[in-house]
């Protein structure tokens, strides 16, 4: 069955391990600061939260990279922390610091008091953006929705900002794991509702970003990161507004040791960072699961010849079998040369085994 009525459906076909005419490519953070048009829109918005919460601006930014490059999917422009923000946590994006919660979760009372926001009301601006983007894309390429994993959201909510050692969240993990389970359970319900709302609004695939799962031990990863994501995947509405299957992508940065565990999550696609060879991952997992990745974003700063060489090496490592979506191993960085992105996309599309 054809996965969607989109004119270019190779991304969705690859998600389902179906044959494609060429390897599809999209990039994590493909709408972002490396594009001059993004910087112009960001300046008009004045602040990042306004940019995320204004559907017309979010739509504009989502479309910018797919108007510039022949990418095979668009991804909703938003932020993973819109969910805790909708739960009542005051969120700021500070220059040079990134996202900051002014009152991080440090007590049992605060954790137990967290509500599950109604995605159709408190986060309606995201759904309005999804609907607007689908209208503007007019079926050319599919749209990916996304959310942060419960563990990753909990890290920000407890630490109050990004962290190197995760002191506060790990102290909670080891001192009161049941309370951490309570927090994660609330986030499971919030994220599942949020992603289902995106699917109903028109998202044709969804992705769970687990940015900090790799900071955990194996046992802790299985309990506090993978188990909540597996529950979310099991709660998703897997048929989209157009009647076709909605693939789910699970990405844990630093999760190469746990591929087999992640494969049992119910996800259709595993995103991989650059620390694992794509061919090795394919050999370990077999042909039934799609893989996404996994160029080191820093390779885009190398010479044109080196970028082409690194890109082809990944393509050749995976080989010609179905189920490969080319992507970076993490998000594109702000100083990335635009011409290198164009070169990357052309190299992937022109590759033949």
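The values are calculated or read from the model by the stated rules, or taken from the named source; none is laboratory data. Being a predicted model, the structure only gives us computed values, none of them experimental. Here Cβ is always computed from backbone atoms with ideal geometry, including for glycine, and neighbour counts include all displayed protein chains.
Here is how the numbers come out for the structure above:
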item: Residue that is buried (at least 16 other Cβ atoms within 10 Å of the Cβ), more than 21 Å from the chain's Cα centre (by Cα) and modelled with pLDDT of 95 or more, where the choices are 339, 310; result: 310
item: Lone unmet requirement of (1) touching a strand residue (DSSP E or B) at 6+ places or on another chain (Cβ under 9 Å); (2) within 26 Å of residue 130 (Cβ to Cβ) for residue 186; result: (1)
item: Inter-residue pairs, beta-carbon under 8 Å, first on the phi > 0 side of the Ramachandran plot and touching a residue at least 60 places away in the same chain (Cβ under 8 Å) and in the stretch 248-264, second outside any helix (DSSP H, G or I) and surrounded by 19 or more Cβ atoms within 10 Å (Cβ to Cβ), 6+ apart; result: none
item: Flag for residue 28 being at pLDDT 95 or above and either surrounded by fewer than 18 Cβ atoms within 10 Å (Cβ to Cβ) or closer than 18 Å to residue 251 by Cα (or both); result: yes
item: Every pair of residues 6+ apart whose Cβ atoms lie under 6 Å, when the first sits in the stretch 278-290 and is more than 15 Å from residue 18 (Cα to Cα) while the second is surrounded by fewer than 13 Cβ atoms within 10 Å (Cβ to Cβ) and at pLDDT 95 or above; result: none
item: Residue match in the stretch 93-107 (condition: in contact with a helix residue (DSSP H, G or I) (Cβ under 6 Å, 6 or more places away or on another chain), more than 15 Å from residue 224 (Cα to Cα), outside any loop (DSSP other than H, G, I, E, B) and at pLDDT below 95); result: yes
item: Selection within the stretch 74-92 - part of a loop (DSSP other than H, G, I, E, B), more than 30 Å from residue 23 (Cα to Cα) and under 19 Å from the mean Cα position of the chain (by Cα); result: 81
item: All helices (runs of 4 or more DSSP H) inside the stretch 170-277 with 3 or more residues being buried (at least 22 other Cβ atoms within 10 Å of the Cβ); result: 177-201, 227-235
item: Long-range neighbours under 6 Å by Cβ, at least six apart or interchain, first residue farther than 15 Å from residue 330 by Cα within the stretch 25-38, second part of a helix (DSSP H, G or I); result: 35/64; 37/64; 38/61; 38/64
item: Subset of the stretch 213-222 [touching a residue at least 24 places away in the same chain (Cβ under 8 Å) and over 16 Å from the mean Cα position of the chain (by Cα)]; result: 215, 216, 218, 220, 221, 222
item: Test: residue in the stretch 4-11 that is over 16 Å from the mean Cα position of the chain (by Cα), under 25 Å from residue 239 (Cα atoms), part of a helix (DSSP H, G or I) and modelled with pLDDT of 95 or more; result: yes
item: Among the residues listed as 71, 114, the single one being more than 30 Å from residue 245 (Cβ to Cβ) and not in a helix (DSSP H, G or I); result: 114
item: Among residues of the stretch 307-320, those that are touching a helix residue (DSSP H, G or I) at 6+ places or on another chain (Cβ under 7 Å), over 17 Å from residue 272 (Cα atoms) and free of Cβ contacts under 8 Å to residues at least 40 places away in the same chain, counted; result: 1
item: Checking residue 120 against (1) under 20 Å from residue 55 (Cα atoms); (2) in contact (Cβ under 8 Å) with a residue 12 or more places away in the chain; (3) within 20 Å of the chain's Cα centre (by Cα), the condition it does not meet; result: (3)
item: Residue that is nearest to residue 95 (Cα to Cα) [pool: residues in the stretch 34-60 that are modelled with pLDDT under 95 and not in a helix (DSSP H, G or I)]; result: 47
item: Hey, residue 316 outside any loop (DSSP other than H, G, I, E, B), farther than 22 Å from residue 250 by Cβ and in contact with a strand residue (DSSP E or B) (Cβ under 7 Å, 6 or more places away or on another chain) or not; result: no
